[in-house]
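Take a look at the following structure, please.
The values are calculated or read from the model by the stated rules, or taken from the named source; none is laboratory data. Fair warning: this is a prediction, and the values are worked out from it, not measured in the lab. All Cβ positions, even for glycine, are placed from backbone atoms using ideal geometry, and neighbour counts span all protein chains on display. SASA here: full protein model, heavy atoms, side chains in, ligands and nucleic acids out. Shrake-Rupley method; radii C 1.70, N 1.55, O 1.52, S 1.80 Å.
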Amino acid sequence: MIMYCLLFIDFTFRSVIYFQISCPSQMWPSLIAKAKEGGIDVIQTYVFWNLHERQQGKFDFSGRNDIISFIKEVQNQGLYVTLRIGPFIESEWTYGGLPIWLRDIHGIVYRSDNEPFKIEMEKWTTRIVTMMKSEKLYASQGGPIILSQIENEYKMIEPAFHERGPPYVRWAAAMAVGLQTGVPWVMCKQDDAPDPVINTCNGMKCGETFTGPNSPNKPALWTENWTSQYQVYGDKPLLRSAEDIAYQVALFIAKFRGSYVNYYMYHGGTNFGRSASAFVITSYYDEAPLDEYGSVRQPKWGHLKELHAAVKLASNSLLSGDQTNVSLGELQDAYVFQVKSGECAAFLVNKGPKDASVVFQNSPYQLPRKSISILPDCKTTAFNTAKVNAQQSTRSWQVTQKFDSTERWEEYKEAIPNFDNTVSRANTLPEQLFTTKDESDYLWYTISLKQDSNTQSKLVVQSRGHVLHAFVNRVFVGSAHGRHGNESFSLEQTVTLNKGVNSLSFLSAMVGLPDSGAYLERRVGGLRKVLIQERDMSKNSWGYQVGLSGEKLEIYTDAGSSKVQWNKLGSSANQRLKWFKTHFDAPAGNDPIALNLGSMGKGEAFVNGQSIGRYWVSFQTPEGKPSQTWYHVPRAFLKPTGNLLVLLEEENGDPLKVSLDKISVAQVCGHVSETHLPPVVKWLGLKTQNHNNARKNRNRKPKVQLSCPPKRNISKVLFASFGNPSGDCQNYSTGSCHSSISTAVVEQVCIGKRRCSILLSKNRFGDPCPGISKTLLVDAQCT
């Protein structure tokens, strides 16, 4: 389904970023260009085995799956590539990237010293390496691939395999190295990675937790620096500040002379189709420096760009200098890199919870709490991780089309099968993963039950299938579901059984396959036990059906939708399991667009036959909000007019409240004080000139820099205060010190422009309160 878009930050000193699964090929050039502009040097991508070989022996490297074209696009833009072959990748991708057909191989045990698995793993890895070699894509051939990965975080499950674990690690390393790519291989989170494979760190705090390379000949690499975290249904997003990310990156580089840091994710994108793993939402790492829609998210993008520039200023000393560590206080240290020629760089670290004053090489420095200052010449502070000069941007959602007319919608009622019309039979409850083989999220279980009289009976259904909908005589009687980390659940309901033959139909739905853990091939799903009045029906004769009839007919496509009779909206008001259909024209412009599905329940959305992912709006956070409301519709999926929108709704969602919205940056805000530093780019420009200019640069003042998206200008200054404004960009007011001409000054510099810079200058704003350190806070509107 989607594909190649991953990025990392390789500080050799290069930046590697990680574009994840999920962007149409039309987005590749723009995403790569924005990453490069952000100071990134290396794009890292996984290879998704179950995407390329969904059926054994049948391969797909076309369209969004065209990894060769993706790598060549990276190369064309002058960047490098890291290839994470895995083949197990986890990545919140369904089944961890492994193809489901592996389960059918006799005697197979994944990721262990097991011959059936090793045979398939070696065949796949060899195929990918051979493809890369044939296109001369390895650096040893003059190509962009500088690093490859085999396996993924295996140390976390290795103990579960006992004596079968260590031999597998040694075999995997030897197999990879034996393919002779001419570039290094890594194993992430594998402290005992066999030589010459490099052990690497994953996590948010590798500057603190990494134990270092397991050999003096290996560099320190950080393969996953989580810029936020994946999100599951029922949870709210985890927010990680730009300051914390920058601090950990700088610490890793200073402490270990770290030469590679990967941002996981720099762009996460969208889990289109059914690609997300169990309970993971469709949006992926929207809080990354490039958001789900591929737009720059500030201040992360800008702050990290400044960090990258500062590190590159110090790159020669970092690579060639001798490292010494100097204590500057109880919780303060200096990591110094001195070249024999006299060139020097230093990282001044304050690990403490309070601001600190330190003396380094006879000069005083102020270090904010939990921060690192980078001194590319051991004298001048070019960057501090806690001082954010980058603007903050605020996204807005503008409704472009409403679907609030009943005349625009049609509906199709999904048939509820009974025992007689399900042709497949079993004498026990079929296991869902084995039965569906991931062809559908859904598996119907049906059974007939004869009663001598009308009765009220207690129904208990135990399931590991994520979601369950129960029907008695085709009437809905109840639903239940599990949650991430606790997939087992029960449905208990009193139901009415009629005299004579009753039909019980249970729809079990998986919300993605598991993506991690040992013995993945043994994981099960679906119904485990059915009790009626405490009588176990699990060993009775059952009918079953894989998928929904609408799926098999592909009624979400133009061709498939003509195969069924669609009815007027509301024809089956109380029916669960319905398909809704409408058409729409593409909104004008180039802004990203998304469907607001806040009025729906649970299901899947399709545009022109392409699934834009699962939705589950009814599974809310503890605060009573959906985990995700907007669902990305890439413009590459659209035609100018007559686009087909189909919603599969399992519950009782209301399509009349669905809308198509544009996403744009409506506001930009800068908040900079006189203690902030001038932009690193300016420092770099003057550093390359003569000594006098460099000295002038030290006297330069910080500035607020604002930038609207392309084709938008600053139209209004919503707030401006030079003095001591209270609050921050989310909540602000003027303080006791305020220049009355603040707004006028900013308007003169910024109105009508896409970008503007406002110097913190008393000559321009006046001095409303002498002797007090000044701050400038500006909030502006982009239109």
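For region 28-73 and region 322-343, what is the separation of their C-alpha centers, rounded to whole Å?
Cα centres, region 28-73 to region 322-343: 40 Å.
Hey, what number do you get for the chain at 222 nm if only DSSP H runs of n ≥ 4 count, each worth -39500 (n - 2.57), divided across all residues, to the nearest 500?
-5000 deg cm²/dmol
Once you put a point 7 Å from the Cα of HIS583 and another 7 Å from the Cα of ASP536, both along the Cβ direction, what distance in nm separates them?
5.6
Let me ask something else about it. Pull out the extension gain between LYS529 and THR428, defined as 0.36 nm times the separation in residues minus the alpha carbon to alpha carbon distance; nm, one decimal.
So the chain would gain 35.4 nm between LYS529 and THR428.
Something else about it: If you stretched the chain out fully between SER618 and LEU319, how much longer would it get, using 0.36 nm times the residue separation minus the C-alpha to C-alpha distance?
Net length gain for the segment: 102.4 nm.
Take the solvent-accessible surface of the protein heavy atoms, probe 1.4 Å, and return the percent of it on region 325-407 that carbon and sulfur atoms account for.
Carbon and sulfur: 45 percent of the exposed surface of region 325-407.
Would you kindly find the accessible area of ASP113, with a 1.4 Å probe and non-protein molecules such as ligands, DNA and RNA excluded, rounding to the nearest 10 Å²?
40
In nanometres, what is the gap between the two model label sites at VAL681 and VAL339, each 7 Å from Cα along Cα-to-Cβ?
Computed distance between label sites VAL681 and VAL339 equals 2.5 nm.
Restricting to region 12-297, what percent of DSSP beta bridges are antiparallel, rounded to 5?
15
Between ASN214 and GLU747, what is 0.36 nm times their sequence separation minus the Cα-Cα distance? Round to one decimal in nm.
In short, 186.2 nm is gained.
For the cross-link pairs LYS581/LYS657; LYS662/LYS753; LYS450/LYS539; LYS354/LYS703; LYS255/LYS354; LYS413/LYS450, which exceed 18 Å when the distance is taken from alpha carbon to alpha carbon?
LYS662/LYS753; LYS354/LYS703; LYS255/LYS354; LYS413/LYS450
Moving to a separate point now. For region 12-297, what % of the accessible area comes from carbon and sulfur atoms, probe 1.4 Å?
The nonpolar share, carbon plus sulfur, comes to 50 percent.
Additional query: Sorted by average packing, counted as other Cβ atoms within 10 angstrom per residue and highest first, what order do 672-680, 279-287, 441-449 take?
279-287, 441-449, 672-680
With labels modelled as points extended 7 Å from the Cα through the Cβ direction, what inter-label distance (nm, one decimal) is found for SER405 paired with SER363?
6.9
Here is a follow-up. Only one of the listed values, (i) 184; (ii) 234; (iii) 155, was derived from the coordinates as volume of the Cα convex hull per residue in Å³; which label is it?
Matching the structure shown: (i).
Over the chain, average the accessible area per residue using a 1.4 Å probe and give it in Å², no decimals.
Value returned for the chain: 39 Å² of accessible area per residue.
Please identify the DSSP H helices in the chain that span no less than 24 Å along the helix axis (Cα) and have a mean Kyte-Doolittle hydropathy of -1.0 or more.
115-134
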